[in-house]
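Single-structure report; data block below.
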2 protein chains.
Amino acid sequence: MPIEAVTPSVDCGRYPAKRILGEHCVVEADIFRHGRDTLRAVVKWRRKDERRFSEAPMTQINPGLDHWRAEFPLEENARYTFTIEAWTDRFSSWVSDLRRRAETGQQDVSSEVAEGLAIIQKIRRRSKGSDRDLLTSLMSRLRADGMGQQPQAVIDLCTSDQLAEVMLRLQSREDATVYSPELDIIADRPLARFGAWYEMFVRSQGTQPGKIGTLKDAKRRLADIKGMGFDVVYLAPIHPIGLTNRKGPNNRLECGPNDPGSPWAIGNDFGGHKAVDPSLGTLGDFDHFVNEANRLGMEIALDFAIQCSPDHHWVKEHPRWFYRRPDRTIQYAENPPKKYEDIYPINFENPDWRALWEEQKNILLFWIDHGVRIFRVDNPHTKPLEFWRWLIEGIHAEYPEVIFLSEAFTKPKMMRALAKVGFTQSYTYFTWRNTKWELIEYLTKLTKSGMEEYFRPNFFTNTPDILTRILQEGGRPAFKMRLVLAATLSPSYGIYSGYELCENEAALGTEEYKDSEKYQVKVRDWNREGNIKDFIAKVNAIRRSNPAMQRLTNLDFLPSDNDQILFYCKKTEDMSNVLLVAVNLDPLHVQECTVHVPESTIGLRPGDKFTVKDLLTDAAYVWSAHNYVRLDPQVEPAHILRVER
Amino acid sequence: MPIEAVTPSVDCGRYPAKRILGEHCVVEADIFRHGRDTLRAVVKWRRKDERRFSEAPMTQINPGLDHWRAEFPLEENARYTFTIEAWTDRFSSWVSDLRRRAETGQQDVSSEVAEGLAIIQKIRRRSKGSDRDLLTSLMSRLRADGMGQQPQAVIDLCTSDQLAEVMLRLQSREDATVYSPELDIIADRPLARFGAWYEMFVRSQGTQPGKIGTLKDAKRRLADIKGMGFDVVYLAPIHPIGLTNRKGPNNRLECGPNDPGSPWAIGNDFGGHKAVDPSLGTLGDFDHFVNEANRLGMEIALDFAIQCSPDHHWVKEHPRWFYRRPDRTIQYAENPPKKYEDIYPINFENPDWRALWEEQKNILLFWIDHGVRIFRVDNPHTKPLEFWRWLIEGIHAEYPEVIFLSEAFTKPKMMRALAKVGFTQSYTYFTWRNTKWELIEYLTKLTKSGMEEYFRPNFFTNTPDILTRILQEGGRPAFKMRLVLAATLSPSYGIYSGYELCENEAALGTEEYKDSEKYQVKVRDWNREGNIKDFIAKVNAIRRSNPAMQRLTNLDFLPSDNDQILFYCKKTEDMSNVLLVAVNLDPLHVQECTVHVPESTIGLRPGDKFTVKDLLTDAAYVWSAHNYVRLDPQVEPAHILRVER
């Protein structure tokens, strides 16, 4: 019996699909068999680490297309597995055949009743108690004189809800087919899909010029970050930094005595990946910092970079983990023409790879012990996929709540492969998608191509490595516009600190920041004039109070008559929360046009008028299928309109 | 190392894809790995029944998308299997790294040269003869003084074609990944895809009213059928017909002494599925008939219907093969409200199913022994899919040239499932697709949805059961129009005899023929006035001399400004044969409009003019991107235009 086109399923079941704890997992499939008999099908599911399956009956949602559906609840933050079982329902087949005969005028169904009695008798033999009473009584009624001449009476006797339930429960599944392979579902916690991230360097959280910021300083900044409405504070590495070949400002090879070096050059005599740089504070300070973040309702994400400085203890303890030049020196990291003289990459193909893998897991477990449940993983695409699968599955077996964000800016297939092997979220190409058609094409791919089953985007507006031209040239209006896009197109998004101050000075002709924080300590006035902190707070509040903002795939682009105005709808499945967002993609000019709202998109009848409320300005408008919008980037770059019922 | 999105592959490799003997099977896949090393990949293929794989190197057709391709020849009418193997090419990785260094201005590559020497040395150890000489000489040149200061010279030394070939051949595939599962390809003979079929009842091939036609009469008709350009003559069952409950004319229960009965009620005292009805002739007559067809370049297709009359010897010999009513009588076939009192269906779920299966195979082998290589299978969707898989694979193991046509007019998933388990071709919904949008939607599904990998349509214009309303009402112009559609939209198509005479009398209010040949012997004047035999001959000649007509997936619908004019392009991949077909779907009225030919579709530059020749009328026209057409159904219902170069 064919069971085909089962969803959700990623690459024929090779990888798990991702869902969120608390949701129902909807399972669909094509199920059919030869002939005209009635089929039954159930979804069977279990927690992957348990043995007993639960069952939910599938219903045929389109009989002509043999298409079936059921759903099961994801009640735990865990990995589930499911399959489908289908079989022939002899009793129902018999009733349908009888019904067809009655409809086409057959008068004498004595022979059919005799066949039915045989089917019921077989099931009755397996029954007990009240089930048995029910079937015994049914059989004696069917045996009554003259029954064979009353087709409709026979059908009525055989079609009660109670009988259907008993028959479904007791029937043998003689010809049952079970779908193979079993398909896995990861039920992540809600923050895996919906969250606003704030990236910062602890050392730049100080207040006195020339003095390095500490974890205590950073702790004092948490209220400010919370005030903007963020959920996650992600820290650039906080470990001791190597001295050998330490980089000076702007990636210079010469380094002064007070230059702090790149925090990705991990490890010196004070320790490696499991240590806190003494200039930032102690492990105890870190614990206090985490506690304070948690108290404020935020979580801390740590950077996880599998590489080290030449001064890391691994270099002595695990010499085989490194690439050797022919002269036996260790090779530093390179991506010609870029050279990272302060960093040794790790050779994953070394014979001592088991110890290497275990050490990485230990690092994660160490920080999990210190309250961290989120890791932003640096350059995962340069390490083997099989390693990530092993590492993430291993951590999730004990700590299913851990979130892994993949920082893979590489070719699309590899980015997707990392998501398939287990990364919870991924960085994206969002920063380089600026025009209307680029955005529509990319978001359609992310939300409707099938990759939404396993790949969750996290739209960062900027990173310490990426200050795009539109931000460099578009100034404050561009910062607001790109924030609205990131925060409303993707349920997870983030900014790198300084964005709220509209910092946009680049190293000439590049996308790198001038005087990058990667090599210098910065001290900023976080309330500097021109900041967009209130705007960010408002957008984050809108995200939080509108469930439509908290999902990825509920995005529909709608027509607008201006290539500079992107117009889209985000809505909940029950349409209780419908948002219409219009964004002026041009930070330099006022743009206006008509935007179109196909009534069916928002559940209205043709000609209906409706009220929309701009959640950024509180203004209300009466809208219909076609509406005029005008967006002045100097005022607000966008409307975020809620349809009021 | 991920190897993903491998094509061709049907349902994750559960079923074989179908190709044609003599073609190359193009294999594509996404292949990538972490880091920057160079990959190599090969397709490995073999005949399914052989052990040794052959290899063809894959090339990366889009490096940014990690997309690879290769092809292998299908030189035999056989089942093939293939997989993909990929590994890291250390030598090429080293050369690319060197090239990147040279490009970015690195002067001293001594250390890189030393690394390269180690890689080459490892490969040289496995080499012999001239390979060894080549590598030894390369190494000594690389060791020359000052080489480390001449990056370009090193690169030049390492990039000859000869060296590339040797390296590819000798390198160890230490980290090779092999795709699993192996994927199967069926290479059918060309007739499996391209052929024109003619269906007839032998008994209606006589010339004297009241006298049953014989195989000898039918043999005399073959030249006429050949004259119309057909490739396959498909016969309704030729076996002895039961007497019990034999049907009279128009499916009446009463039957006169001279009524021949339905040929699908197979079996009487003269034999069953392996016998020829004595009134048609002998097995020897059948052999002569087959020989004559073959001599004319045609093949015979037999009907294969797994059912029988109450008088078939199976009823006595295999009583367990049948459905029993509670009173132990055998149940005749029914599809309420239809009753087939003259036919017993077979119960495939009987305990003696092995003997049943074997007997069916023996029937096919019997007729194969008598020169038959094509079977049109009656109602396969009422029998188990697993049975068909077993039967067809079993026959193909010995006779790969056998073609199975599935007569399953049922729900789409089951029709597709039958094709997946092995049927070579299938009947379709073509007869019920009449409007422009119905045809475009259906053909797009058949040619571009993925089902073209395993499902080959055979477009019958009519059958003994199907005389559609458009033929009933549209008369001769409709017969010509529907013939052009069938013959040019699908490489395999067929007519049921009488079509060439435009027979269109239906039983009132149905799609059934009046006085259906299923229950009566007919004698026709095959050259009756108003016949369209010359038209059919012309269309079949066009199909034969234009390779573009002989493929399924090379169909593109083009815009036409009239909903009654269907316009499409069929072309060969190299564009040496490009046809443009415009069909007036309205048999009752002249239709005209502008049709549009996007230049890129036919390989021309914007503004180019080109000559088209109408292969039906020999008229020539100068065309451009936009052209006027006018089609009078009383003259010709279509243009079949060839683009002349």
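Looking for something closer than 30 Å to A:GLU23 by Cβ, among the β-branched types (Val, Ile, Thr) and not in a loop (DSSP other than H, G, I, E, B) - is there at least one such residue anywhere in the stretch A:608-627?
Yes, there is a match, as at least one residue in the stretch A:608-627 is closer than 30 Å to A:GLU23 by Cβ, among the β-branched types (Val, Ile, Thr) and not in a loop (DSSP other than H, G, I, E, B).
Considering only residues that are within 14 Å of chain B (Cβ to nearest Cβ) and in contact (Cβ under 8 Å) with a residue 40 or more places away in the chain, look in the stretch A:281-338 and name the one that is farthest from A:SER406 (Cα to Cα).
A:TYR332
Take the residues in the stretch B:20-51 that are assigned to a loop (DSSP other than H, G, I, E, B) and under 13 Å from B:HIS67 (Cα atoms); name whichever of them is farthest from the other protein chains (Cβ to nearest Cβ).
B:ARG33
Please work out which one of (1) surrounded by fewer than 22 Cβ atoms within 10 Å (Cβ to Cβ); (2) touching a residue at least 12 places away in the same chain (Cβ under 8 Å) is the condition B:ALA236 fails and give its number.
(1)
Mind checking whether some residue in the stretch B:363-376 is under 28 Å from the mean Cα position of the chain (by Cα), within 14 Å of chain A (Cβ to nearest Cβ) and either within 25 Å of B:PRO457 (Cα to Cα) or not small (Gly, Ala, Ser) (or both)?
Here is the first cut: in the stretch B:363-376, the ones under 28 Å from the mean Cα position of the chain (by Cα) are B:363-376.
If we keep only those that are within 14 Å of chain A (Cβ to nearest Cβ) as well, we get none.
Within the stretch B:363-376 (the criterion being under 28 Å from the mean Cα position of the chain (by Cα), within 14 Å of chain A (Cβ to nearest Cβ) and either within 25 Å of B:PRO457 (Cα to Cα) or not small (Gly, Ala, Ser) (or both)), the answer is no, since none of the residues qualifies.
Out of the stretch A:85-95, which residues are within 10 Å of chain B (Cβ to nearest Cβ) and assigned to a helix (DSSP H, G or I)? Write out each step before concluding.
Residues of the stretch A:85-95 within 10 Å of chain B (Cβ to nearest Cβ): A:88.
The answer is none; no residue qualifies.
Pairs under 6 Å by beta carbon, first residue under 22 Å from A:ASP30 (Cβ atoms) in the stretch A:154-178, partner of a type in the set (Gly, Ala, Ser) and surrounded by 13 or more Cβ atoms within 10 Å (Cβ to Cβ), six or more apart or different chains?
Within 6 Å, the pairs are A:THR177/A:ALA86.
B:PHE366 is checked against (1) surrounded by fewer than 17 Cβ atoms within 10 Å (Cβ to Cβ); (2) over 30 Å from B:PHE194 (Cα atoms); (3) modelled with pLDDT of 95 or more and fails just one. What number does that condition carry?
(2)
Applying the selection to the stretch A:115-159, what residues are in a loop (DSSP other than H, G, I, E, B) and touching a helix residue (DSSP H, G or I) at 6+ places or on another chain (Cβ under 8 Å)?
Hits for the stretch A:115-159 are A:ARG126, A:SER127, A:ARG143, A:CYS158, A:THR159.
Tell me which residues, restricted to the stretch B:178-203, are hydroxyl-bearing (Ser, Thr, Tyr) and either in contact with a Leu (Cβ under 9 Å, 6 or more places away or on another chain) or buried (at least 18 other Cβ atoms within 10 Å of the Cβ) (or both).
B:TYR179, B:TYR198
Scanning the stretch B:590-607 for residues that are within 24 Å of B:GLU636 (Cβ to Cβ) and among the hydrophobic types (A, V, I, L, M, F, W, C), which turns out surrounded by the most Cβ atoms within 10 Å (Cβ to Cβ)?
By that ranking, first place goes to B:VAL597.
Could you please give the count of residues in the stretch A:98-110 that are surrounded by fewer than 19 Cβ atoms within 10 Å (Cβ to Cβ) and within 9 Å of another protein chain (Cβ to nearest Cβ)?
6
Looking at the structure I just gave you, is B:SER406 at pLDDT 95 or above and touching a Leu at 6+ places or on another chain (Cβ under 8 Å)?
So B:SER406 fits the description; yes.
Please state which one of A:ALA582, A:ALA541, A:ALA619 is free of Cβ contacts under 8 Å to residues at least 60 places away in the same chain and within 28 Å of the chain's Cα centre (by Cα).
A:ALA582
In the stretch B:501-512, is there at least one residue being within 30 Å of the chain's Cα centre (by Cα), buried (at least 22 other Cβ atoms within 10 Å of the Cβ) and not polar (S, T, N, Q)?
no
Please go through the stretch B:585-642 and pick out each residue that is more than 26 Å from B:GLY475 (Cβ to Cβ), modelled with pLDDT of 95 or more and among the basic types (Lys, Arg).
Within the stretch B:585-642, B:LYS613, B:ARG642 meet the criteria.
Let's see how each residue does on (1) assigned to a helix (DSSP H, G or I); (2) surrounded by fewer than 21 Cβ atoms within 10 Å (Cβ to Cβ):
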| residue | (1), (2) |
| --- | --- |
| A:ILE536 | yes, no |
| A:ALA541 | yes, yes |
| A:THR553 | no, yes |
| A:ASN562 | no, yes |
| A:SER576 | no, yes |
| A:LEU580 | no, no |
| A:LEU588 | no, yes |
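Among B:GLU452, B:GLU503, which is the only one that is in a helix (DSSP H, G or I), more than 17 Å from B:GLY229 (Cβ to Cβ) and among the acidic types (Asp, Glu)?
None of the other options fit; the residue is B:GLU452.
Take B:GLY13 and tell me if it is within 14 Å of chain A (Cβ to nearest Cβ) and within 22 Å of A:ALA419 (Cβ to Cβ).
Against the criterion (within 14 Å of chain A (Cβ to nearest Cβ) and within 22 Å of A:ALA419 (Cβ to Cβ)), B:GLY13 does not qualify.
Quick check: anything in the stretch B:515-525 aromatic (Phe, Trp, Tyr), modelled with pLDDT of 95 or more, over 29 Å from the mean Cα position of the chain (by Cα) and surrounded by 19 or more Cβ atoms within 10 Å (Cβ to Cβ)?
Step one: of the stretch B:515-525, the residues aromatic (Phe, Trp, Tyr) are B:519.
Those left that are additionally modelled with pLDDT of 95 or more: B:519.
Applying the additional criterion that residues be over 29 Å from the mean Cα position of the chain (by Cα) yields B:519.
Right, trim to surrounded by 19 or more Cβ atoms within 10 Å (Cβ to Cβ) and you get B:519.
Yes.
Tell me, yes or no, whether the stretch A:74-84 has at least one residue that is assigned to a strand (DSSP E or B), more than 14 Å from chain B (Cβ to nearest Cβ), in contact (Cβ under 8 Å) with a residue 40 or more places away in the chain and of a type in the set (Lys, Arg).
Let us first name the residues in the stretch A:74-84 that are assigned to a strand (DSSP E or B), namely A:79-84.
Now narrow it down to the ones that are more than 14 Å from chain B (Cβ to nearest Cβ): A:79-84.
Those left that are additionally in contact (Cβ under 8 Å) with a residue 40 or more places away in the chain: A:79-84.
Filter again for of a type in the set (Lys, Arg), leaving A:79.
Among the residues of the stretch A:74-84, at least one is assigned to a strand (DSSP E or B), more than 14 Å from chain B (Cβ to nearest Cβ), in contact (Cβ under 8 Å) with a residue 40 or more places away in the chain and of a type in the set (Lys, Arg), which makes the answer yes.
Which of the residues that make up the stretch B:339-368 are of a type in the set (Val, Ile, Thr) and under 22 Å from B:ILE403 (Cβ atoms)?
Filtering the stretch B:339-368 down to residues of a type in the set (Val, Ile, Thr) leaves B:343, B:346, B:363, B:368.
Of everything in the stretch B:339-368, those that are of a type in the set (Val, Ile, Thr) and under 22 Å from B:ILE403 (Cβ atoms) turn out to be B:ILE363, B:ILE368.
Restricting to the stretch A:111-155, name every residue that is within 14 Å of chain B (Cβ to nearest Cβ), of a type outside the set (Lys, Arg) and loosely packed, with under 13 Cβ neighbours inside 10 Å.
Within the stretch A:111-155, A:ALA118, A:GLN121 qualify.
Of all residues in the stretch A:52-73, count the ones that are among the small types (Gly, Ala, Ser), more than 14 Å from every other protein chain (Cβ to nearest Cβ) and either part of a helix (DSSP H, G or I) or without any contact (Cβ under 8 Å) to a residue 40 or more places away in the chain (or both). Can you show your working first?
Pass one, the stretch A:52-73, residues among the small types (Gly, Ala, Ser): A:54, A:56, A:64, A:70.
Narrowing the set further to residues that are more than 14 Å from every other protein chain (Cβ to nearest Cβ) leaves A:54, A:56, A:70.
Applying the additional criterion that residues be either part of a helix (DSSP H, G or I) or without any contact (Cβ under 8 Å) to a residue 40 or more places away in the chain (or both) yields A:54, A:56.
Matching residues across the stretch A:52-73 total 2.
Would you mind stating whether B:ASP89 is under 25 Å from A:ARG324 (Cβ atoms) and under 54 Å from the mean Cα position of the chain (by Cα)? Give the derivation first.
Numbers: under 25 Å from A:ARG324 (Cβ atoms): yes; under 54 Å from the mean Cα position of the chain (by Cα): yes.
So B:ASP89 fits the description; yes.
Which numbered condition in (1) more than 14 Å from chain B (Cβ to nearest Cβ); (2) crowded, with 19+ Cβ neighbours inside 10 Å; (3) assigned to a loop (DSSP other than H, G, I, E, B) is the only one that A:LEU446 fails?
(3)
If A:PRO2 satisfies every condition in (1) crowded, with 20+ Cβ neighbours inside 10 Å; (2) over 30 Å from B:PRO384 (Cα atoms); (3) not polar (S, T, N, Q) but one, which is the exception?
(2)
If I filter the stretch A:628-640 down to residues being within 33 Å of the chain's Cα centre (by Cα) and not in a loop (DSSP other than H, G, I, E, B), which single residue comes out as farthest from A:LEU580 (Cα to Cα)?
Per the stated criteria, the residue is A:LEU631.
Restricting attention to the stretch A:398-425, and to residues there that are of a type in the set (Ser, Thr, Tyr) and surrounded by fewer than 22 Cβ atoms within 10 Å (Cβ to Cβ), which single residue is nearest to the other protein chains (Cβ to nearest Cβ)?
Looking only at the stretch A:398-425, we keep the residues that are of a type in the set (Ser, Thr, Tyr), and these are A:399, A:406, A:410, A:424.
After this cut, where a residue has to be surrounded by fewer than 22 Cβ atoms within 10 Å (Cβ to Cβ) as well, the list is A:399, A:410.
Values: A:TYR399: 25, A:THR410: 9 Å.
Restricting to residues being of a type in the set (Ser, Thr, Tyr) and surrounded by fewer than 22 Cβ atoms within 10 Å (Cβ to Cβ), the top hit is A:THR410.
The values are calculated or read from the model by the stated rules, or taken from the named source; none is laboratory data. This one's a predicted model, so the numbers in the text were calculated from it and none came from an experiment. Note: ideal-geometry Cβ built from the backbone for every residue, glycine included; neighbour counts use all protein chains shown.
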